[in-house]
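Chemist: Structure provided below as structure tokens; questions to follow.
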Protein chains: 2
Amino acid sequence: MPTLGIDLGGTFARAAVVDASGALLSVAKRPLAERSPTAVVETLAQAAREAVAGSGVRVEGCAVVGAAGQIHKDTGVLAVAPNLGWRNVPLATMLGEKLGCTVQLVNDLSAAAWGELHAGAGRGSQDMLVAFVGSGVGSAIIADGRLVGGAGGVAGELGHIKVVPGGRRCGCGELGCLEAYAGGHNLIALTRELLAAGRSPMLAKLTGGDPALVTPVVLEQAAEAGDEEAQEIHDRAAQFLALAVANQVTVLNPARLVLGGGVLMNCPGIRRRLVEGVQAWASQVSREGLLIVDAELGDDSGLIGAGLLGLSASRAG
Amino acid sequence: MPTLGIDLGGTFARAAVVDASGALLSVAKRPLAERSPTAVVETLAQAAREAVAGSGVRVEGCAVVGAAGQIHKDTGVLAVAPNLGWRNVPLATMLGEKLGCTVQLVNDLSAAAWGELHAGAGRGSQDMLVAFVGSGVGSAIIADGRLVGGAGGVAGELGHIKVVPGGRRCGCGELGCLEAYAGGHNLIALTRELLAAGRSPMLAKLTGGDPALVTPVVLEQAAEAGDEEAQEIHDRAAQFLALAVANQVTVLNPARLVLGGGVLMNCPGIRRRLVEGVQAWASQVSREGLLIVDAELGDDSGLIGAGLLGLSASRAG
């Protein structure tokens, strides 16, 4: 029976009725006009009702919400949600009361990985590592067909492994995280610094000097056009990403490595370096038979995954 | 009902009858006089029969063998066993025919981790990372109460993550592995090179110039006595280990980190640096509530774990 999946992003809430194959029977999308927990919960509930009404089918009892941030899985509390500026919001309880059903809260990357596993690039696989490089860097781990959540529900935080102990400050407040060198947000910041310092004629040409036009793609273009300082930022990001993912392949021995996120999808140079690094640096036994593929579901992976997680929960419960 | 656990080491075979609490009801130990697969299987079978006879109890049908090396979990083939010089030995089938029962083959560190989880330092935990630093470096991962085996059964190979791409050659044949800088075997080799080069009066004093007396403990003594070149080897090993384990804590978010193996148990300086590194470099959310403890079962962990894995297999089947 179809289930309700919800994706809480930084600017939009989306809800969908998802069938057991991962097909979206109906989708409702609403902007998050106001960001207080109460207002956001009301918006989520409206989107959920609209999706259910639009589907014309009965949905099973349990809704699953995928949200960016640190989740306490057992209590359904969104402990830290940087996009929304929230701390310790009991989102599952609040939304459950509004909808009159059980709500489960999961990390957005976990939901996306679950979607890819059952309806996307991971179909047929039981052991999978999903690496996302977008504005941040994250991963999700599937072992023997199950999501690895960790004791506190924060497993998969690949962006916050340390690559330069004591190095560049990350958005999380710590020093030397992978994300501080390779996340899209930080790549843009580093490239803007270079542009502002007037050290890169190529960047100045590509952007007309406008920092608002700096993107990871522009960084890659400058690097590939031979700009040495842009190359340095680009190379370092690619090398750190490749080594981090290769080492996770060695430790986790997945059958499939699924790549996703805006930086990997839009910067083929970084993606290529990452793949070459995994092929060079993952241990021989772990890279034998490893399939490296791109995520297939795009922005829908989290929504589909949330719906399919609801299906698993209903079956298990 | 009690089960039969078997530990195949490099020089001895041990078999034990293990009860559901992890207590050893009887243990039989035999040297591996001859190392051909046929001879070793015969020795294993003798040890197993002796343990069963000595226990005076009936054991359940499934025996589990923990062995160092790369295991094909589904087929029970020992693909690579460096200690024994074996390749592709169908050990589970061979021993099963001898004993007239089903034999399951697992990696020795997985067996040890399972023992610690249920009868040692991991009791009460569901999410655990076990890091072993002995002659080699390895780990085992427990997620949600289950061993993470990986697609090919070689998950946990922490010793073969790359810490210096293109660096020092490891026993596995690849370059720059953690084990090449921090495994006991390599620490001894590096320290012997230093001794042979005559660059360390402190090492010469501690060993009387005899390379056979070099151990990781001697290296640590020389480093702590102020020998700069010994410090360099020691620091590098400690730093690489600490960063690798800290990063695995970040990615896996275990409730407990269990430390084991001769180097960590006998070199308090390396152990201390590892613990400090995890506390400094694991992400804040992953180190909150993390308990760092020493393995409790010593050499028996693998034997106990193999027995307890047999119990799980009987129950699951």
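Chemist: Mind checking the mean number of beta-carbon atoms from other chains within 10 Å of the Cβ atoms in A:141-148?
Modeler: Values: counts 5, 0, 10, 9, 0, 4, 2, 9.
What the average comes to for A:141-148 is 5.
Chemist: Now for a separate question. Counting only Cα, what are the radius of gyration and maximum Cα-Cα distance Dmax of the range B:18-105, in Å?
Modeler: Spelled out, the Cα radius of gyration and Dmax of the range B:18-105 are 13.1, 36 Å.
Chemist: Would you order B:SER21, B:SER125, B:SER110 from fewest to most other beta-carbon atoms within 10 Å of each residue's own beta-carbon? It would help to have the intermediate numbers written out before the result.
Modeler: Working: B:SER21 9, B:SER125 19, B:SER110 27.
Fewest-to-most Cβ neighbours within 10 Å comes out as B:SER21, B:SER125, B:SER110.
Chemist: Same structure again: Got a sec? Charge dipole of the protein assembly as shown, +1 on Cβ for Lys and Arg, -1 for Asp and Glu; which of A:LEU44, B:VAL57, A:ALA212 is way out at the positive end?
Modeler: B:VAL57
Chemist: Rank B:LEU311, B:ILE233, B:GLY9 by how far each Cα sits towards the positive end of the charge dipole of chain B (+1 on Lys, Arg Cβ; -1 on Asp, Glu Cβ) and give me just the farthest.
Modeler: So the residue furthest toward the plus end is B:LEU311.
Chemist: With the Cα gyration tensor of the range B:125-295 in hand, give its eigenvalues times 5 under a square root as the equivalent ellipsoid semi-axes, listed largest first in whole angstrom. Intermediate results must be reported in sequence, preceding the final value.
Modeler: On the way: eigenvalues 179, 57, 33 Å².
Calculated on Cα positions only, the semi-axes equal 30, 17, 13 Å.
Chemist: In degrees, nearest 10, range 0 to 90: what is the angle between the Cα axis of helix A:228-252 and the longest Cα principal axis of chain A?
Modeler: Roughly 50 degrees, rounded to the nearest 10.
Chemist: Next question, about the same structure. Where Lys and Arg each count +1 and Asp and Glu each count -1, what net charge lies around B:ARG199 among other residues with Cβ under 15 Å from its Cβ?
Modeler: Result for the local shell: -3.
Chemist: How far, in degrees from 0 to 90, does helix A:268-281 lean away from the longest principal axis of the Cα atoms of chain A, to the nearest 10?
Modeler: Once rounded, one gets 90 degrees.
Chemist: Next up: Between the range B:1-57 and the range B:94-110, what is the C-alpha centre distance in whole Å?
Modeler: Computed from Cα coordinates, the inter-centre distance equals 11 Å.
Chemist: Calculate the mean, over all residues of peptide B:208-217, of how many other protein chain Cβ atoms lie within 10 angstrom of the residue's Cβ. Please list the in-between numbers first.
Modeler: On the way: counts 0, 0, 0, 0, 0, 0, 0, 0, 0, 0.
Per-residue shielding by partner chains comes out at 0.
Chemist: OK, next. What is the Cα convex hull volume of the protein assembly as shown when expressed per residue in Å³? Mind dumping the intermediate values first?
Modeler: Numbers: hull volume 100.0 nm³, N = 634.
In the protein assembly as shown, the Cα hull volume divided by residue count equals 158 Å³.
Chemist: Please list B:253-259, A:209-215, B:293-299 highest first by mean number of surrounding beta-carbon atoms within 10 Å per residue. Please list the in-between numbers first.
Modeler: Numbers: B:253-259: 24.6, A:209-215: 14.1, B:293-299: 15.7.
The packing order, highest mean first, is B:253-259, B:293-299, A:209-215.
Chemist: Let me ask something else about it. Beyond 31 Å between alpha-carbons counts as too far, so tell me which of B:LYS73/B:LYS162; B:LYS29/B:LYS162; B:LYS73/B:LYS98 fall in that bin. Mind dumping the intermediate values first?
Modeler: On the way: B:LYS73/B:LYS162 25 Å; B:LYS29/B:LYS162 37 Å; B:LYS73/B:LYS98 20 Å.
Cα-Cα > 31 Å for B:LYS29/B:LYS162; rest within.
Chemist: Okay, moving on. Treating only the Cβ atoms of Lys and Arg (+1) and Asp and Glu (-1) as charged, compute the dipole magnitude of chain A about its Cα centre; round to the nearest 20 debye. Can you show the working numbers first?
Modeler: Numbers: 24 positive and 30 negative charges, 87 e Å.
Using Cβ point charges on Lys, Arg, Asp and Glu, chain A gives about 420 debye.
Chemist: Which distances, shortest first and in nm, link A:GLU34 to the matching position in the other copies, using label points set 7 Å out along Cα to C-beta?
Modeler: A:GLU34 label point versus its equivalents elsewhere: 8.5 nm.
Chemist: Still on this model: Pick out, from A:LEU257, A:ASN247, A:GLY69, the residue whose Cα sits farthest towards the positive end of the charge dipole of chain A, with +1 on the Cβ of Lys and Arg and -1 on the Cβ of Asp and Glu.
Modeler: A:GLY69
Chemist: I've got another one for you. About its Cα centre, what dipole magnitude does the range A:124-295 give when the only charges are +1 on Lys and Arg Cβ and -1 on Asp and Glu Cβ, stated in debye to the nearest 20?
Modeler: Numbers: 13 positive and 17 negative charges, 34 e Å.
It comes to approximately 160 debye.
Chemist: Right, something else. Between copies, how close do the B:ALA197 label points come, placed 7 Å along Cα→Cβ, listed in nm from shortest?
Modeler: Result for B:ALA197, in nm, nearest copy first: 3.5.
Chemist: Based only on the alpha carbon positions, what is the Kirkwood hydrodynamic radius of chain A, in angstrom?
Modeler: Details: mean 1/r = 0.0496 Å⁻¹.
Here the Kirkwood hydrodynamic radius works out to 20.2 Å.
Chemist: Sticking with this one: Once the Cα atoms of helix B:37-55 and of chain B are each reduced to a long axis, what angle between those two axes, in degrees from 0 to 90 to the nearest 10, is obtained?
Modeler: Approximately 70 degrees, to the nearest ten.
Chemist: Let me ask something additional. For peptide B:264-270, what's the mean number of Cβ atoms from other chains within 10 Å of each residue's Cβ?
Modeler: Details: counts 0, 0, 0, 0, 0, 0, 0.
Mean partner-chain Cβ count within 10 Å for B:264-270: 0.
Chemist: Restricting the count to DSSP beta bridges whose residues both fall in chain B, what percent are antiparallel, rounded to a multiple of 5? Mind showing how you got there, number by number?
Modeler: On the way: 29 of 48 bridges.
Of all bridge pairs located within chain B, approximately 60 percent are antiparallel.
Chemist: Nearest 5 is fine: what % of DSSP beta bridges in the protein assembly as shown come out antiparallel, could you say? Display every interim value, and only then the final one.
Modeler: On the way: 58 of 96 bridges.
Close to 60 percent.
Every read-out reported here was derived from the displayed coordinates using simple, explicitly stated rules and does not represent laboratory data. The structure displayed is predicted, hence computed values, not measured ones. Positions of Cβ are backbone-derived with ideal geometry, glycine not excepted, and every protein chain shown enters the neighbour counts.
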